[in-house]
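Down below is the structure, laid out as structure tokens.
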Amino acid sequence: MLLSILAYFAASAPSNPSVSTCGNAWTANTISVARSATGHMLVLQDSSGIRLSEWSDATRAWSDWSNLPGQDSIVSDAWIQPHVSGINNIFALSRRAGTQRIEQWLRHQDGSIAKSIGIDGADSVVFRPVCGRKGPNGEQALFAVFRDSTIRTRVWDSLGRVWGGWSQMGQKTGHPLSLNQVQSNMFNLFSLSGETVWQNWWTGSGYSGWVVPAVAGTRNDPVSVNLNYNDHFLFSFAPNGLAQSRFWNGSDWTGWSALEFPATHSLAAVAISNDSLLLYGLDNQNRVLQVGWSRTKGWGTAQELGACAPRQMAIDSRRLTAASTTEGILLAIRGWNDSIYHALAPTPGAIGTCWKTLAGQPPILSNPWLQAPVGDLNNLMVLGEAAGVPRTFQWIFQHGTFQPTNGIGESDSVVSLSSARLDSNGNQALFAVFQDNSIRMRIWDSLAFTWGGWLPLGNHTSRSLGVAQTASSQLNLYSTAANGDIDQIWRHDASWSNWVKPSTDSIISGPTSANFDSLNHVLFGIGPDSSLLERRWNGSSWTGWSKLPWSPLSEPAALVESDTLHLFFIDRDSTIVHLRRTLSGDWSGADRIADVPPTSSTCIEPDQAQAASIERRAPLLLRGGLIADLRFEAYSGSVECVGLDGRSRSFHKAAGQARLPAWAPRTGYLRTRAFMSKYTILD
């Protein structure tokens with residue numbers, strides 16, 4: 001058990017800031033904290049935008065919230081830098097007229113906030129940047145992740161008063177960066193690749209180079225804090241969704257230790273002395289939580305600050321989607337590495353399934369959506385990136401295999417996707433939530449064989465959508481607003497209803513629905529206490545919410561097949577659970593059918609189309625054995641494979657060579673016949 005909090009923390013831990021009633025939140029999902037000249041400062045976003053509150057060490061109180069000026073076009077979360085000579089820099093991305101730039105604000109010790117002219121050359125930056133103090137004369141180093149996954153930096157010349165150009169850091173990531181200042185001219189930079197944490201530190205005169213302080217065991221962006229030159233903490237969430245930490249004592253890292261801290265996302269940490277720190281996080285209702293640690297007493301008890309944090313969706317949104325097919329129930333999932341996998345669910349009562357990688361997938365920007373069948377085929381939709389531009393990618397599943405299509409353009413501002421059949425003539429509807437939370441649709445004309453333009457679906461906004469097919473020309477569309485309210489609209493014989501509210505209760509997830517028939521519908525959501533909720537429509541009225549005895553890590557996926565309702569969700573241990581019931585029956589099953597890929601225990605096999613493609617390339621032989629499935633990482637010239645023994649291995653292209661026969665193992669010994677890959681991009 002964790003120890004009670006120090007008397008020091010009881011006396012000095014920050015209490016609630018003075019805030020007004022919260023409005024509806026936007027899509028922020030992080031908080032940021034840093035030392036100020038007189039305490040420390042907390043930055044977050046809600047419906048009013050980016051705002052901050054400062055804890056004063058002298059008065060033992062929070063200041064009122066202050067909104068940053070000139071933030072009308074912000075498209076990222078904000079990051080705050082520890083103060084330099086009493087000034088805290090705050091950075092975020094903005095986009096105006098198709099041009100993206102880095103905005104910078106200066107928060108002065110007297111509480112005033114000024115906006116700088118900002119930083120251009122950021123069109124390809126994908127996350128909020130971070131910044132560290134690099135030298136004694138005020139030099140700063142700005143770091144950002146670009147669309148090609150490279151990490152780049154540019155330096156502020158304090159004498160010339162100008163930013164230098166971008167230069168690459170020799171590493172890649174698909175996640176935001178984390179930086180913590182060690183001393184006035186020293187800092188640590190952290191990035192995440194898969195489940196591996198990478199670290200690079202500025203020593204005051206040069207970079208250390210990338211090292212690995214944490215090989216595996218984390219599924220989100222690491223956060224670090226330094227108590228002094230030698231003692232560092234690293235925080236993250238484990239694959240089971242629980243907060244965890246590890247400690248550097250000047251010579252070695254400890255292993256991961258679980259924390260009794262009920263945050264579910266967005267960690268931020270700040271040192272308050274050489275022997276103590278505060279850890280912040282958001283829970284599943286987006287309340288700001290805080291817990292203290294001291295060297296002599298360990299961890300204290302978490303408390304809720306009630307700091308008007310933004311309300312948002314459940315922990316991982318709908319990573320998992322399911323649909324009936326001629327082959328059985330098909331599952332598609334966005335893995336922890338942001339790649340898309342698919343598998344046929346095992347028959348009821350059976351346990352275990354093998355995932356297949358989706359062939360030819362681009363960098364993924366959204367969760368996948370599997371559409372209910374149209375004849376003998378299913379559509380899989382996902383938002384991806386092509387040549388740096390967001391695009392809707394579409395695959396058709398038929399006769400057991402996926403075939404890619406040309407995809408759908410005009411997706412620059414799309415956040416999430418779903419689709420449904422509109423009629424028996426083959427016309428389809430693609431539904432999307434945009435960055436301004438508007439709901440829009442576009443229609444596939446089966447006669448003209450083309451997609452129409454985007455159309456608003458009423459004057460309505462949403463954070464997440466769920467659609468269920470009732471009949472070939474009937475469907476129900478549900479949305480969850482930013483404040484958790486559920487709304488419904490339906491289509492019947494080419495006519496849309498008005499938006500209505502099937503429930504006055506709020507949920508913290510997107511909606512999931514399924515239909516037994518045109519009269520009996522089921523709606524699922526995640527409640528404020530993280531429990532799985534269900535309510536039913538009997539043809540004339542809705543029941544109240546029923547609480548099911550599970551607390552999923554993500555929104556469920558639901559479908560009805562052969563008069564049986566099938567429900568799939570990711571549980572807290574990162575396994576996928578399968579439940580079943582009939583219209584009038586009770587839930588049964590609770591089979592744990594697979595792990596969320598990729599992990600060392602996940603079964604992954606090559607897709608048939610991928611294997612066939614490789615078989616046509618006879619030269620793909622390494623040391624006498626056929627590699628059934630490979631992923632070529634163009635930005636680094638590397639291949640990643642995972643063996644049947646569960647161990648991952650990487651390979652790099654020999655210098656000056658362009659063809660795969662010249663690949664060689666980076667480390668260790670390669671037994672090719674024992675390998676399957678976990679990704680596939682052949683060209």
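The values are calculated or read from the model by the stated rules, or taken from the named source; none is laboratory data. Just so it is clear, the structure is predicted and the values come from calculations on it, not from any experiment. Virtual Cβ from ideal backbone geometry, glycine too; neighbours counted across all protein chains shown. The area values use the complete protein model at the heavy-atom level, side chains included, leaving out ligands, DNA and RNA. Shrake-Rupley method; radii C 1.70, N 1.55, O 1.52, S 1.80 Å.
When Thr461, Thr392, Thr450 are checked against the criterion of being exposed (fewer than 13 other Cβ atoms within 10 Å of the Cβ), of a type in the set (S, T, N, Q) and out of contact with any Pro (no Cβ under 8 Å at 6 or more places or on another chain), a single residue qualifies: Thr450. Listed residues Ser257, Ser317; which is at pLDDT below 90 and within 23 Å of Thr480 (Cβ to Cβ)? After ruling out the rest, the residue left standing is Ser317.
Out of Trp545, Trp499, which single residue is more than 21 Å from the chain's Cα centre (by Cα) and closer than 16 Å to Ser479 by Cβ?
On the way: Trp545 fails: closer than 16 Å to Ser479 by Cβ.
So the residue among Trp545, Trp499 that is more than 21 Å from the chain's Cα centre (by Cα) and closer than 16 Å to Ser479 by Cβ is Trp499.
A Cβ distance below 7 Å, combined with a sequence gap of six or more or placement on separate chains, defines the contacts here; from the range 402-419, residues that are within 24 Å of Thr480 (Cβ to Cβ) and part of a loop (DSSP other than H, G, I, E, B) reach residues that are open to solvent by 60 Å² or more (accessible area, probe 1.4 Å) and of a type in the set (S, T, N, Q) in the pairs Ser413/Gln435. Step by step: first the residues of the range 407-423, then only those that are within 13 Å of Met381 (Cβ to Cβ) and polar (S, T, N, Q), then the one that is modelled with the lowest pLDDT. Which residue is that? Residue satisfying both the conditions and the ranking: Ser416. Restricting attention to the range 83-103, and to residues there that are buried (at least 21 other Cβ atoms within 10 Å of the Cβ) and without any contact (Cβ under 8 Å) to a residue 40 or more places away in the chain, which single residue is farthest from Asn185 (Cα to Cα)? Once the filter is applied, the top-ranked residue is Leu93. Can you work out which of the residues in the range 560-574 that are in a strand (DSSP E or B) and surrounded by fewer than 18 Cβ atoms within 10 Å (Cβ to Cβ) is modelled with the highest pLDDT? Among residues in the range 560-574 that are in a strand (DSSP E or B) and surrounded by fewer than 18 Cβ atoms within 10 Å (Cβ to Cβ), the one modelled with the highest pLDDT is Thr564. When restricted to residues that are open to solvent by less than 20 Å² (accessible area, probe 1.4 Å), within 30 Å of Ala97 (Cβ to Cβ) and outside any loop (DSSP other than H, G, I, E, B), the range 32-75 contains 9. The condition of being among the β-branched types (Val, Ile, Thr), over 20 Å from the mean Cα position of the chain (by Cα), at pLDDT 85 or above and more than 30 Å from Ser554 (Cα to Cα) holds for only one of Val211, Val225, that being Val211. The set of residues in the range 127-138 being more than 13 Å from Ala78 (Cα to Cα) and in contact with a strand residue (DSSP E or B) (Cβ under 6 Å, 6 or more places away or on another chain) consists of Gly132, Arg133, Lys134.
Restricting Asp423, Asp436 to residues that are among the acidic types (Asp, Glu), farther than 24 Å from Leu565 by Cα and in a loop (DSSP other than H, G, I, E, B) narrows the list to Asp436. Taking the criterion of being within 20 Å of Asn515 (Cα to Cα) and in contact with a Ser or Thr (Cβ under 8 Å, 6 or more places away or on another chain), the residues of the range 561-581 that qualify are Glu561, Asp563, Thr564, Leu565, Phe569, Leu579, Arg580, Arg581. Would you confirm whether or not the range 290-301 contains a residue that is at pLDDT below 75 and closer than 22 Å to Arg246 by Cβ? So far as the range 290-301 goes, no, none of its residues is at pLDDT below 75 and closer than 22 Å to Arg246 by Cβ. Scan the range 76-87 residue by residue and report those that are over 28 Å from Asn137 (Cα atoms) and either in a strand (DSSP E or B) or hydroxyl-bearing (Ser, Thr, Tyr) (or both). Scanning the range 76-87 gives a single hit, Ser76. The strands (runs of 3 or more DSSP E) found entirely in the range 115-207 include none that carry 3 or more residues being more than 28 Å from the chain's Cα centre (by Cα), of a type in the set (Lys, Arg) and surrounded by fewer than 21 Cβ atoms within 10 Å (Cβ to Cβ). Determine if the range 408-430 includes at least one residue that is open to solvent by 20 Å² or more (accessible area, probe 1.4 Å), out of contact with any His (no Cβ under 7 Å at 6 or more places or on another chain) and hydrophobic (A, V, I, L, M, F, W, C). Yes, the conditions are met somewhere in the range 408-430.
Looking across the range 359-380, the residues that are closer than 30 Å to Gln474 by Cα and part of a loop (DSSP other than H, G, I, E, B) come down to Leu365, Ser366, Asn367, Pro368, Gln371, Ala372, Pro373, Gly375, Asp376.
Among residues of the range 559-570 that are among the polar types (S, T, N, Q), those with a Cβ under 6 angstrom from a residue that is open to solvent by 40 Å² or more (accessible area, probe 1.4 Å) and in a strand (DSSP E or B), sequence gap 6+ or separate chain, pair up as Thr564/Thr582.
Quick grid of which residues meet (1) in a loop (DSSP other than H, G, I, E, B); (2) surrounded by 18 or more Cβ atoms within 10 Å (Cβ to Cβ):
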{"position": "Leu475", "(1), (2)": "no, yes"}
{"position": "Tyr478", "(1), (2)": "no, yes"}
{"position": "Ala482", "(1), (2)": "yes, yes"}
{"position": "Gln488", "(1), (2)": "no, yes"}
{"position": "Ile507", "(1), (2)": "yes, yes"}
{"position": "Phe524", "(1), (2)": "no, yes"}
{"position": "Pro528", "(1), (2)": "yes, no"}
{"position": "Ser540", "(1), (2)": "yes, no"}
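Is one or more of the residues making up the range 344-355 touching a residue at least 24 places away in the same chain (Cβ under 8 Å) and under 21 Å from Thr480 (Cα atoms)? There is no residue in the range 344-355 that is touching a residue at least 24 places away in the same chain (Cβ under 8 Å) and under 21 Å from Thr480 (Cα atoms). Kindly evaluate Ser497 against the criterion of being without any contact (Cβ under 8 Å) to a residue 12 or more places away in the chain, among the polar types (S, T, N, Q) and open to solvent by less than 50 Å² (accessible area, probe 1.4 Å). Criteria met by Ser497.
For the range 328-346, the criterion of a residue being more than 24 Å from Asn67 (Cβ to Cβ), open to solvent by 30 Å² or more (accessible area, probe 1.4 Å), at pLDDT below 85 and basic (Lys, Arg) is satisfied by no position.
For the range 138-152, residues that are out of contact with any Leu (no Cβ under 7 Å at 6 or more places or on another chain) and closer than 20 Å to Pro82 by Cβ total 6.
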